[in-house]
1. Identify, please: which residue in segment 142-166 is modelled with pLDDT under 95 and open to solvent by less than 40 Å² (accessible area, probe 1.4 Å) and is, among those, nearest to Ile114 (Cα to Cα)?
2. Report whether or not Arg27 is farther than 21 Å from Pro82 by Cα, of a type in the set (D, E, K, R) and at pLDDT below 85.
3. Among what's in segment 57-100 and is among the acidic types (Asp, Glu) and either surrounded by 14 or more Cβ atoms within 10 Å (Cβ to Cβ) or assigned to a strand (DSSP E or B) (or both), pick the residue that is nearest to the chain's Cα centre (by Cα).
4. I'd like to verify a number: residues in segment 36-56 that are polar (S, T, N, Q) and either open to solvent by 80 Å² or more (accessible area, probe 1.4 Å) or modelled with pLDDT of 85 or more (or both), how many?
5. Among (1) assigned to a loop (DSSP other than H, G, I, E, B); (2) open to solvent by less than 80 Å² (accessible area, probe 1.4 Å); (3) out of contact with any Asp or Glu (no Cβ under 8 Å at 6 or more places or on another chain), where does Arg103 come up short?
6. Would you check if Glu78 is acidic (Asp, Glu) and touching a residue at least 40 places away in the same chain (Cβ under 8 Å)?
7. Can you find, within segment 114-134, the residue that is farthest from Ser146 (Cα to Cα) among those that are open to solvent by 40 Å² or more (accessible area, probe 1.4 Å) and part of a strand (DSSP E or B)?
Amino acid sequence: YRIVFCGGLYRNLAGVEPHTSFKLNERGSILLSEPDGKGSWRVVSQIGSALKPYAKQRRGVSFGFPNSDSTASPVYFENATPNAKNPALGVTEFCTDPIFSVRRGFLEQPFTLIITNLTPGASLTYTVNGDIPTESHGIVVPSTSSTNPPSISIPISSTTLVRARVWKPGLGASHVET
């Protein structure tokens, strides 16, 4: 198994992770090939095509075949497995991002911040010290039912760095909102 970073920073040095001279678009197709021994190339693996591009990509989230089986449909893996086989399970969808009732910035008066989300049955985790919320770090706000999304009201009276993220089994986590 080999990792090749497609970020537009060409680098091909011994002992250093290889980087391509091109970046992948949010959508498109990826072809992996190898020499066929006859002066041509053989396709080893392909994700997406001109008619059916691969799914929108997310920064910091791996995308590929479950169990590294190219006959399966590609999925997202929130935990990358560098230099190893892909896990058997991944996700195809993500929780929607948290919604803050007040835009970030410098505010001079106390206010109540309401954090909501549109993913029914999800849990919302937030922090008020600038830490990145995780499923096990932060204040967890569970949904009141499988059909309701989570929501919380937080009184803010001094400088506070609030971060939030949404989780639900079977879906990938939302982006972290600040």
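1. Pro150
2. Answer is yes for this residue.
3. Ranking the qualifying residues of segment 57-100, first place goes to Glu78.
4. Applying the first criterion (polar (S, T, N, Q)) to segment 36-56 yields 40, 45-46, 49.
Then drop every residue that is not either open to solvent by 80 Å² or more (accessible area, probe 1.4 Å) or modelled with pLDDT of 85 or more (or both), which leaves 40, 46.
Residues in segment 36-56 being polar (S, T, N, Q) and either open to solvent by 80 Å² or more (accessible area, probe 1.4 Å) or modelled with pLDDT of 85 or more (or both): 2 in total.
5. (2)
6. On the way: acidic (Asp, Glu): yes; touching a residue at least 40 places away in the same chain (Cβ under 8 Å): yes.
So Glu78 passes the test.
7. Only one residue fits best here, namely Asn129.
Let's see how each residue does on (1) within 18 Å of Leu171 (Cβ to Cβ); (2) of a type in the set (D, E, K, R); (3) touching a residue at least 24 places away in the same chain (Cβ under 8 Å):
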{"site": "Gly7", "(1), (2), (3)": "no, no, no"}
{"site": "His19", "(1), (2), (3)": "no, no, no"}
{"site": "Leu24", "(1), (2), (3)": "no, no, yes"}
{"site": "Arg27", "(1), (2), (3)": "no, yes, yes"}
{"site": "Leu31", "(1), (2), (3)": "no, no, no"}
{"site": "Ile47", "(1), (2), (3)": "no, no, yes"}
{"site": "Ser68", "(1), (2), (3)": "no, no, yes"}
{"site": "Lys85", "(1), (2), (3)": "no, yes, yes"}
{"site": "Leu89", "(1), (2), (3)": "yes, no, no"}
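The values are calculated or read from the model by the stated rules, or taken from the named source; none is laboratory data. These figures come from a predicted structure and were not determined experimentally. Virtual Cβ from ideal backbone geometry, glycine too; neighbours counted across all protein chains shown. What goes into the accessible areas is simple: the full protein's heavy atoms, side chains included, and nothing from ligands, DNA or RNA. Shrake-Rupley method; radii C 1.70, N 1.55, O 1.52, S 1.80 Å.
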